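Read-outs: derived from the displayed coordinates by stated rules, not from any lab. It should be emphasised that the depicted structure is a prediction, and the values quoted were computed from it without experimental measurement. Because the Cβ atoms are built from the backbone with ideal geometry, glycine has one as well, and the counts that use them run over all protein chains shown.
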Amino acid sequence: MNKDELLQLREQIVGKTRQLALDDDNTDPVSRLEVLMGLIRSGDTSKEVMQQASEIAEQLPEDGRLDAYLDLIYEIDARLGDEQASGSDTSAQGGANPTA
């Protein structure tokens, strides 16, 4: 596969994974949060994914909740740092769009 084909396949897989993570209420919260955090780390910082990750983190026991919140803070800070480095902070003000 060439680079364009790989990127297209990646987008398809990300889309399917995103849909499953957002819509599957039958999966335990820890697993859903891990999938959502993977999406966030791969560049999907859409309002929907970030909001869902935050809501799932609230459902975790206290010790897991703290770790989840810290992970989310780290990812948010990393995205804000990326935007500041590129000279654009419009996404931070109105919600970032998925980049994957």
Quick check on the chain: helices-only [θ] at 222 nm, where DSSP H runs of length 4 and up contribute -39,500 (n - 2.57) each and the sum goes over total residues. Nearest 500, please.
-25500 deg cm²/dmol
Using label points projected 7 Å from each Cα along Cα→Cβ, tell me how many nm separate Leu20 and Tyr69, to one decimal.
3.0 nm
If unit charges are put on Cβ atoms (+1 for Lys and Arg, -1 for Asp and Glu) and the dipole of the chain is taken about its Cα centre, the option from Ser42, Leu70, Gln52 lying farthest towards the positive end turns out to be Ser42
Shape of region 34-88 from its Cα gyration tensor (a ≥ b ≥ c, root eigenvalues): rounded if a/c is under 1.5, otherwise prolate when a/b > b/c, or oblate?
prolate
